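Notes for the one structure printed next.
The values are calculated or read from the model by the stated rules, or taken from the named source; none is laboratory data. Just so you know, these numbers come straight off a predicted model, no measurement behind them. Here the Cβ is made from the backbone with ideal geometry for all residues, glycine too, and neighbour counts use every protein chain on show.
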């Protein structure tokens, strides 16, 4: 059993998710309806997408505190450009492009002059948040353009199950990331760098290039998270997602990825993001105050890290 | 499988629960701000009186549109008949409100209007432009012959209420946004610490100040502390809005000249009553209902109706 858990790091979180779903299905009448389960997935999409980028960075034993701020800037760029007459496809590309550009700067500073990612992204968080507020001129901007919102508003029914385009996109992104991490040389390099950068360098892996590539991919993911966010709430607000960075780290940790790098999986993160949304929805429907929901999430995070520590300690 | 924005069938249609009990959902901006706590408690008390069940949810921070959307969705799932919501942002959550209304749920905005206003069935709120205007008019009257030299402690960038009060105040004082008599303005998010720091910084260059606008009472307290430290407390007329009990006591102590009281209890009670009425008779309220504003000040000025702090302490909230 233990080796199975070690080999498939997403298994523990998946069991926790299943347990939570079962618990709320039994204890409330309203949780286990098809449209509620569909909503839970929709509610986890933006944080889930941010958490995908976060997972890649954390696997290299980094951390990204600026991810949500970058996505917020992305939403503002997309919304304001379209309101100013730019075509929606171009605005979307610029929003995503700026997210990649910022990630490139972060990655460049982290790899170029070997500063700790925590410090660099902390600085970036402050800069990008301020930049978003300056650019927004203290306003929020409604978005009506179909291209910018259709990830959330276009829905298809499969029997009783409601599926948005955004869900499909998130699933594709997760599968691509899973494939790249587990089936390609690049993926092996990411894990190797996160485990022991010096050993990876000695075995011929180009450490800096690998880490930089991770930040670039993460930036792309944050840009897409901005697009996802406009699908959920068609309104670009400079005050949105203030806790998005920490929420994404929560999803990563609940998904069983080690904050020390080199261990974990994106599929675990997908499960982690769902756990948070299931808890929020299920506890709400069970009539539990939202502050106690935060307590429950916090306890789970600590338990998840303890499990990681425990299994790692026994493993070595 | 085709079809846009359609939703699957639900076991309950929003209205009419098995046990016949009226279910009302409340979504506030946050659950820590004393104003929203007062609103929530009043709603709970009224629901208790009317035999209704109240489910209270909130965003995590001011501006958490995503959190409010999720809260609305969760309430729809729970089969509420009525949703009372104080939108963080007047346009951010319209999609979720529309979906709820499509299921036959009565949606009433409390405290903050939506844009467009008819995105909800009805609004029970303070006329915030009028509240700002009253604050400005009082400060103008209190200044008398002196020309205003104004500093402004604003709320959150982009907040609907924040902008309405700001504009109303300038109108009441008789200044425009770009008038040189506006010596400076800073966002405080309605937070006392931020407001104090903002005022300290503003006072570094604006020592001739004689009038201060504040978005709410915590901002007024922070601003007053900075003025006092500079020895300017007696020379400056500080105005505020809210009508929390601490705020009224501050006016009584002379920390600021006036506060414009709002009535969150009335918003909540009227909202719950309307929800109960809706479930029983199907009657929906409509339009904007001004829940009122009252100037609280111990020094009456000509041309402005005001109540003293003794009255204020009897009617304050929080």
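A few notes on this one:
- Which listed residue is at pLDDT 90 or above, on the phi > 0 side of the Ramachandran plot, surrounded by 20 or more Cβ atoms within 10 Å (Cβ to Cβ) and more than 10 Å from chain B (Cβ to nearest Cβ), from A:268, A:264: A:264
- Evaluation of residue A:119 against (1) without any contact (Cβ under 8 Å) to a residue 24 or more places away in the chain; (2) under 16 Å from residue A:238 (Cα atoms) (one fails), failing number: (2)
- Test: residue A:159 is exposed (fewer than 13 other Cβ atoms within 10 Å of the Cβ) and within 14 Å of another protein chain (Cβ to nearest Cβ): yes
- Against the conditions (1) buried (at least 21 other Cβ atoms within 10 Å of the Cβ); (2) out of contact with any strand residue (DSSP E or B) (no Cβ under 9 Å at 6 or more places or on another chain), residue A:151 satisfies every one except (2).
- Condition check for residue A:132: within 14 Å of chain B (Cβ to nearest Cβ) and either farther than 27 Å from residue B:94 by Cβ or surrounded by 23 or more Cβ atoms within 10 Å (Cβ to Cβ) (or both): yes
- Residue in the stretch B:112-127 that is within 14 Å of another protein chain (Cβ to nearest Cβ), touching a residue at least 12 places away in the same chain (Cβ under 8 Å) and touching a strand residue (DSSP E or B) at 6+ places or on another chain (Cβ under 7 Å) present: yes
- Residue identified as under 20 Å from the mean Cα position of the chain (by Cα) and within 14 Å of chain B (Cβ to nearest Cβ) among A:138, A:168: A:168
- Pairs linking a residue in the stretch B:47-65 that is more than 27 Å from residue B:156 (Cβ to Cβ) to a residue that is at pLDDT below 90 and outside any helix (DSSP H, G or I), with Cβ atoms under 8 Å and 6 or more positions apart or on different chains, are B:51/B:21; B:52/B:21; B:53/B:21.
- Within the stretch B:166-193, considering residues that are surrounded by fewer than 19 Cβ atoms within 10 Å (Cβ to Cβ) and assigned to a strand (DSSP E or B), the one farthest from the chain's Cα centre (by Cα): B:184
- Exclusive hit being surrounded by 24 or more Cβ atoms within 10 Å (Cβ to Cβ), under 19 Å from residue A:308 (Cα atoms) and at pLDDT below 95, set A:9, A:13: A:13
- Among (1) farther than 21 Å from residue A:232 by Cβ; (2) crowded, with 22+ Cβ neighbours inside 10 Å - the single one residue A:55 does not satisfy: (1)
- Residue tally, condition under 16 Å from the mean Cα position of the chain (by Cα) and part of a loop (DSSP other than H, G, I, E, B), over the stretch B:143-165: 5
- Matching residues, the stretch A:78-92, being closer than 18 Å to residue A:220 by Cβ and surrounded by fewer than 15 Cβ atoms within 10 Å (Cβ to Cβ): A:89, A:90
- Helices (runs of 4 or more DSSP H) (entirely within the stretch B:1-102) containing at least 1 residues that are within 7 Å of chain A (Cβ to nearest Cβ), at pLDDT below 95 and surrounded by 19 or more Cβ atoms within 10 Å (Cβ to Cβ): B:65-77, B:94-102
- When A:102, A:58, A:47 are screened for being part of a helix (DSSP H, G or I), within 14 Å of chain B (Cβ to nearest Cβ) and farther than 20 Å from residue A:147 by Cα, only A:47 passes.
- The stretch A:294-316, residues that are within 14 Å of chain B (Cβ to nearest Cβ) and over 20 Å from the mean Cα position of the chain (by Cα): A:295
- Search result, residues across the stretch A:192-216 that are crowded, with 17+ Cβ neighbours inside 10 Å, free of Cβ contacts under 8 Å to residues at least 40 places away in the same chain and within 16 Å of residue A:263 (Cβ to Cβ): A:200
- The residue of the stretch A:23-44 that is farthest from the other protein chains (Cβ to nearest Cβ), among those that are within 27 Å of residue A:174 (Cα to Cα) and assigned to a loop (DSSP other than H, G, I, E, B), is A:32.
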